[in-house]
Structure formats: structure tokens, C-alpha cells
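One structure is given below, encoded as C-alpha cells.
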Amino acid sequence: MTNIAFVRKKEIPPSAPPITEVGLIGWLRQNLFSSWLNSILTVLSVYFIVIILWDFIPWAYGGHWNTKSLRECLDLDPDVACFSVLTARWKQLLFGLYPAEEYWRPTLTFIFLLLAIVPILFPKFFRFFWFSIIYPGLAVWLLWGGSFWSISIVYIGLTLGALFFLTLIRRYLKNYMIAAILAFLFTAVFFLFISNPVVGLLNVILPITLPFVESLKMGGFTLSLIVGVTGIVASFPIGILLALGRQSNLPVIKMICVGFIEFIRGVPLITLLFVASVLLNYFLPPGTNFDIVLRVVIMVTLFSAAYMAEVIRGGLAGLPLGQHEASASLGLTYWQSQRLIIMPQALKISIPGIVNTFIGLFKDTTLVSIISLRDPVGLASTIRADQKWNGIYWELYVAIGLMFFIFCWGMSQYSQYLERKLKTDK
Amino acid sequence: MSSPTLPPSESFKFSMLLSDTRYRGMSLQVITFIIFMAVFFWLVDNTIKNLALLDKDVSFNFLWLRAGYDINQRLIPYTSDSTHGMAALVGILNTLLVAFVGCIIATVLGLFVGILRLSKNWIVAKLMSAYIEGFRNVPVLLWIVMVFALLTEFTPAPRAFKGAEPEATMLFFESIAITNRGTYFPAPVLVEGAYWLLLCFGLSIVASIYFIRYANKQKKDTGKSLPTFWISVAVIIFPTLILFFAMGQPVSLEYPYLKGFNFKDGIHLRNSFLALTLALAFYTSAFIAEIVRAGIMAVSKGQTEAAASLGLRPNKIMSLIILPQALRIIVPPLISNYLNLTKNSSLAIAVGYMDVRGTLGGITLNQTGRELESMLLLMGFYLAVSLLISSFINYFNRSFQIVVR
């Protein structure tokens, strides 16, 4: 008797999936043509993209770069881009009216900026953080010029104040607040009475000066970056303080913070910039007149600090109450628990909002063109008012838009990277 | 046995004001308050001194003086003989008009883009994220001037419509003319009896609202759902349509036509208005799209799966399970984006649209030299709008918050 029962001894190798499910065809079927609606959408999108590129690529690719005026471009070929305006005016778009022989200064400042943000962005390089600290002073000196010592004295004064504070705390006093007040007085005395003679002396002994450049000469992307970066750096700590003040249980402080935040968030930035350019002279002692760029920076900073405060408040509200209670029960003081427990978590939650505020601030720097400062958008109208380039639009706007896009998009990409990196829960 | 002991009572020392937690908060507040008031009075004092130096006083009488300038777009009667106050009001209405139209377009576009970005269709999703990133990462001011340039430079002049073989033609059966001076639409003209039509239309809307309530109640009670959407559309459209023909078409359209070198009649939307509204709407729609996407994604996947396991079809899952939960997350940031759009409309100056900043904070300010008063009123207006909207958000949050515990 032969056994007719058949038992397979070897496993059949799995057959290849149908050709319609894998590879290019499978991908197409799954992602582009999964249903008739999707197929229609796909065809429409492809049609749309083709139409745009069909017009854009020949326009951009065949563009003229070396003509003297728009007229010449149009004579050569009216259907392609006239990028010559960028060739002719790129210096202005980057530096505004900055003196041409000093272009190395904003350039160097920008390179240093890139170097200075590396330690902040990537913890691997944190040992270079000292450079980020001296960068602001360096940038101010490079951009505006003047005596090297009058900038360094600020650093010297602040360092001395900090050392004074630390010595007081370590040796003589226990109370932080009294020590802080004394250190503040010490620093004030230093700046009021000691710094000027010292600077004068240093200027005589070892004069290091750069030619002075006034604020109205700043323009183009240099100006956008000055306003944007200063605003970003300054608005962050102010925003944190405002958010804490708004959460505080001290009614006076809370009221001041709420009033400030709601006022700033309630009015458009333009009106604040107008206050800076028109009204500020009313509010200051008669005869004071301080730098317009500084005024704008202050307004932009306050503006985004209010938004930042709301973002951080959202992060604080997102933390479970237990965190506050746990840190209090460990015996941490208010500032310790904020610094060690609350803020690290709250800031982590609010990263997307914080970066969005930064991006918004950087984009809002274009509004300074409305109070006739020469940022890229303002310069675009100046350039178009020039007889030679009258009637040019897209080449300029696309170039300016692209510059802003690169910065803003870079920031949002970094925020996504940071979120992934800080993600501790799965 | 140990008995609780009181700590030795310390006598009050002056330094305790700063070191003792019982008094520290209070003394901190007092110090802050004094500094705050000092700064405030310093500013007021400076202002008074400066005004005295300039021989100015603070008065709002200029609002009743003759304005003497024209405003090319207005929703209420206004001539150059009207007062500055009227000019401000025209500006306010213009601002609100841009904000209103802009918000509607932005919401529709934003919903559309946000949902399509979640599409499984690869190319559509990529296209939509390109749209979002493009609009979000370029300053809105640049978009406004770009759209304005597009509308003024790449559209034909009215005279191009002239002649037997014109270079440009009107769209949609000779009814809409897009020119570099603006876009002309046919205007509805109401003749006698049209008010009955409006009344009928209003009544149909009320009727459809009642029908929807009835249908919802029916669904709650019996579980049967009626085709609410189609029936209410029919209730709104058909009675009015029937009446329209029954009464011999009491509403006609007034078509724009070319006269001389310009179009006459019809509704004229200026390029400044169109550019501002469209640019703001596109820009804001990118943000709204992200909000919509985040809202939908925030509804946990378990909800979809649970609904599917109950046997609901995908479109029912969307409308009955996901959207109601997503809306709770979407609405507050959506409204704050409306607020942003309203505030951004103050960029109207870039295209010469006369909003409240252009009239009150622009020409009126320059003509009368009343910087302080004009800016105060201007800020007051924006503040009022924003406080109104944020109180609405708070109301919404209170009434729609999920109550936990």
C-alpha cells in the first residue's frame, strides 16, 4: 500500500507579489491612483505643475544677467527674466547704503553670526559658547564702528558687576535680593563715573577704531538681520519673564504683565512702529533723539516678547500641576524650581510656537519699510523708481522672497529637528 | 513625650522685608508699583512738557473739522467736505470689509488645503505643503505687493477691450472685466417687488434652520438620519427661485460696459482692495491649513478605529466623529488668525488702500498734526476689535471645553 496522503516536506518559496502591488507601479497605484477621485486629483496636480514649470523654467533659465537697464533686456528678448537688476543692485539689497569700502564689516558680522549660533544650536559645540556671548558686542562694534573700547567697557562693567555679586554671595551676604541690589548699584556707579575716563585713557593708549557708520545707512538684508536677530535674542528672555509674571500670584505684577501683553497683542505692529518713529519724541525728555534703528529694534522686541509670553504660557499651562507641587515639596525655591523643573519642560512643549514667533518676527522686519527704513522690500520700491529699472517686478520680488524663505524655512526645519531630538516619550 | 514647640518669635527686622517669604512678595509688589508709577508719570510729564514746547494741546475737536481729502473706496456716503470723523469711519468700515472678506476666503482655502495636505495622494499632499511653506515663509508685505503687481501689470488696460477685434475680452458671457484699474462685476439691480423676494429668501433660511433642528431631533430619537444637507439646500433655493420667475424676474443684473477709456456701471473692485484681500487671504489660509491639519491629527486614531468598528462609513466618521472633536481644537487658533488678518490689514498703505490706518492714522494725522490723538484713537480701535475677539475665544473655550473630572 502506498501512502496516498501527501505531505509537503519543503516549504514553497513565497511567490512574488503581483506586479501591480510593488515597485514603481505599486507605488503609483497606492499613492496616486488609489481611487477615481485620487486619479483626477493627480492628473490635475500634474497639469498644474507642468503649466507653472512650462512658463517658469524658460523664463528663469534664459534670463539676462548683464544688461544695463530693463529697456535693453526687453530689446533682447521680452519673454525672459531680466536678472540684471540683481547684478546691478545686489550690493544695495544686501547692505543698503552702507559705505562700499566697508562692506567687509557686515559680511564679517554675518559670518561671525553663523559661528556664534552654532554653539547654541548644537550642544556638541557648547564649549565655544563664550563666542556667542562676546558676539553681540563684536557685532555692534563691527556694524556701527567707533572705538573698540567703548563697547568692551560694557562687557568689563557687566563682568565686574557679576563678580561683585558672586563675591558678596559667597563671602558676606546670604540674601540674594540685597546682593543683587548692591551689585546693580555697583555697576551703575561704574558706568556713570568710572567707565568714561577709562575709555578715554584706553583710547589714548591704544586706539582701535573703525569709521563710524550711522544707522540710516544700514539697509537691505543687513538691516533685516540686525532687527530680526536682536529681536529674537532679546524677546526670548523678556517673553519668559512676562509669562511667569502673568502666572504669578502677586496681583500687581500679574496686572502689569497682563496689561502689557494684551495691549501689545491687540494693536498691529505698524502702529507700534509709528509710535516709535513719530510719537516716541513726545514721551521722552525734550531734546532727546535716539537712534531710529534702536527704536525699531525695541518695538519689534516688545512686540514679539508679548507673543512669546503667550506661547510660553501655553507651555506652562500644558504641564501637569504635579510638577509644581513635586518641586515645591522637594524644597526648591521659586526660581530654582522654575529653572530646574518647570521651564525645561514648558519650553520643550512650546518649541513649535516659539520658533513660529521667531519666524513671524523675522518676516515682520519688512514692515520697517513703511516707516521708510531701507529694508529689502523698501529697497525694491526704490530700485523700481529708478528710471533704468522702472517696470521690473518679479525678478526683484522672487529674489527677496527667496532670501526670506531660506531663513524662515531653515528655522522651521531646525525646530522640527529639535523637537525630534528632545522627544523623551515614545 | 515631645510637645510641639513654637519657633522663638523673632522681632521684626527691616531686612525681613526682603528676606522673609511672608513679606517678600508684598515688598516686591510695592517696589514694582512705585517704579511703574514713576515711569508712567515721567512719560506723562515729558509729554506735557513736549506739547507745551510745541504749543499744542490735546483735543479731539479735529474730528469735527472738514477733512478735505477724497477716499476712492467707501461704503458710506463721503465727500471731501465730510469731517475727519467721517473719514475715520469710512476707514474703519474699509478695514472691516477687508477683514471680513479676507477671513471668509482664507477659511475656505485653508480648510481645503489643510484637508488635502492629509490626502493619501502623494503629489497632492506635496503640492499642498509647498503652498503652505511658500506662503508661511515669505513676509505678507511681499505677498501684498506681488499680488498687486500681478493685478496691475499683467492685466489689460480698459482700452484693450475696445474695437472690433479687441486684445482682451470680458469673461463669463461679457459680464466680468478684469482690467488694470480693477475688476468689474455685474451689479444686481432691485426693482419693485424684489423685497418680497428677499423676504422669501429670509424665510426659507429660517425654515431650513428649523428643519435641521427637527432632523437632528429625529436622529436622536429614532436613529434615522435624513439627507439634511440636500433638503435644506432645496428649501433655501426653490421657493425663492419659483417666486423669482413667478414675479417676472424682479432682479436684473447691470452689466459693466466700456465707455470712453473706462468701464461704467457694475460693481467696481479696485486692485488695491483685491490685492490686499487676496494676499492676506492666501497668507492666512496657509496658517489655517496647518491649524486644520493639526486639529484633525490631534483626534486620536482610536476614535477613527472605534467608529469604523461600529460600522460607520468613512465620510460619516469624518463628519460625526472626527470633525466635532477637531473643531474644539481648531476654533480658538482659527479665530486668533482672523485677528491677525485684521491687524495685518493695516499694511493696506503698501497698495494705497484707504483703511483706518490710511485715513485716521495717515492723511488725517498728517493734515491736522494731531499725532497723539490720532494714534490713540487708532490703537483704541484695534484694541477694541481684538479684545472683542479674544473675549469670544474665551467664551468658546469655556463652553466647549471637555469637562475632566
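Where a number appears in this text, it was derived from the coordinates with a stated rule and is not lab data. What you are looking at is a predicted structure, and each value in this text was computed from that prediction instead of being measured. Neighbour counts run over all protein chains shown; Cβ positions are idealised from the backbone, glycine included.
Tabulated values for the structure
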| quantity | calculated |
| --- | --- |
| GNM top mover of B:L312, B:L63, B:L341 - chain B, alpha-carbon springs below 10 Å | B:L312 |
| Alpha carbon Rg of the stretch A:146-210, scaled by the compact-globule rule 2.2 N^0.38 Å | 1.32 |
| Charge dipole magnitude, Cβ of K and R +1, D and E -1 - the protein assembly as shown, Cα centre, debye nearest 20 | 2840 debye |
| Cysteines (scope chain A) whose Cβ has no counterpart Cys Cβ under 4.7 Å | A:C257, A:C408 |
| Distant alpha-carbon pairs in chain B (separation over 34 angstrom), percent | 55 percent |
| Proximal lysines relative to A:K363, as straight alpha-carbon distance under 19 Å, when same-chain residues fewer than 8 apart are discounted | B:K343 |
| The protein assembly as shown: radius of gyration over Cα atoms, expressed as a fraction of 2.2 N^0.38 Å | 1.14 |
| Three semi-axes of the equivalent ellipsoid, the stretch A:219-378, Cα gyration tensor, whole Å, largest first | 33, 18, 12 |
| Cleavage-rule hits (trypsin sites (Lys or Arg not before Pro)) in the stretch B:222-323: DSSP loop, at most 16 neighbouring Cβ within 10 angstrom | B:K224 |
| Within the stretch A:141-229, trypsin sites (Lys or Arg not before Pro) in DSSP loop having at most 10 other beta-carbon neighbours inside 10 Å | A:K174 |
| Lysines whose Cα lies under 23 Å from that of A:K174, excluding same-chain neighbours fewer than 8 positions away | B:K13 |
| For chain A, radius of gyration divided by Kirkwood radius, i.e. Rg to Rh on alpha-carbons | 1.10 |
| 17 Å Cα-Cα reach of A:K91 towards aspartates and glutamates, excluding residues that sit fewer than 8 places from it in its own chain | A:E101, A:E102, A:D375, A:D386, A:E395 |
| Candidates A:E102, A:E21, A:E262, ranked by Gaussian network fluctuation over chain A, Cα under 10 Å, top entry | A:E21 |
| Leading residue at positive end of dipole, chain A (Cβ point charges), from A:I383, A:T365, A:F407 | A:F407 |
| Karplus 3J(HN,Hα) series, Hz, for the stretch A:363-374 with 6.51 cos²θ - 1.76 cosθ + 1.60 (x for Gly, Pro) | 5, 5, 4, 5, 5, 5, 4, 6, 9, 6, 8, 9 |
| Per-residue average of Cβ from other chains inside 10 Å of A:260-270 | 6 |
| Across B:K120/B:K316; A:K124/A:K348; B:K217/B:K316; B:K120/B:K220; B:K219/B:K301, pairs whose alpha-carbon gap is larger than 28 Å | B:K120/B:K220 |
| Fluctuation leader among B:L28, B:L54, B:L378 - chain B, Gaussian network, Cα springs under 10 angstrom | B:L28 |
| Burial ordering of B:L96, B:L241, fewest other beta-carbon atoms within 10 Å first | B:L241, B:L96 |
| Spin-label model distance (nm) - A:F290 vs A:V46, 7 Å beyond Cα toward Cβ | 6.2 nm |
| Point-charge dipole on Cβ atoms (K/R +1, D/E -1) for the stretch A:363-426, about Cα centre, debye to 20 | 240 debye |
| Given charges at Cβ of Lys, Arg, Asp, Glu: the protein assembly as shown dipole, positive-most of A:V7, B:L199, A:P237 | A:V7 |
| Net dipole in debye of the stretch A:218-426 [+1 Lys, Arg Cβ; -1 Asp, Glu Cβ; about Cα centre; nearest 20] | 320 debye |
| At R0 = 22 Å, FRET efficiency that the Cβ-Cβ distance of A:K91 and A:A60 yields, to 0.05 | 0.50 |
| Per DSSP, loop trypsin sites (Lys or Arg not before Pro) in the stretch B:105-138 with at most 15 further Cβ within 10 Å | B:K120 |
| 10 Å Cβ shell holding at most 16 others, DSSP loop, GluC sites (Glu not before Pro): longest site-free stretch of chain B | B:193-405 |
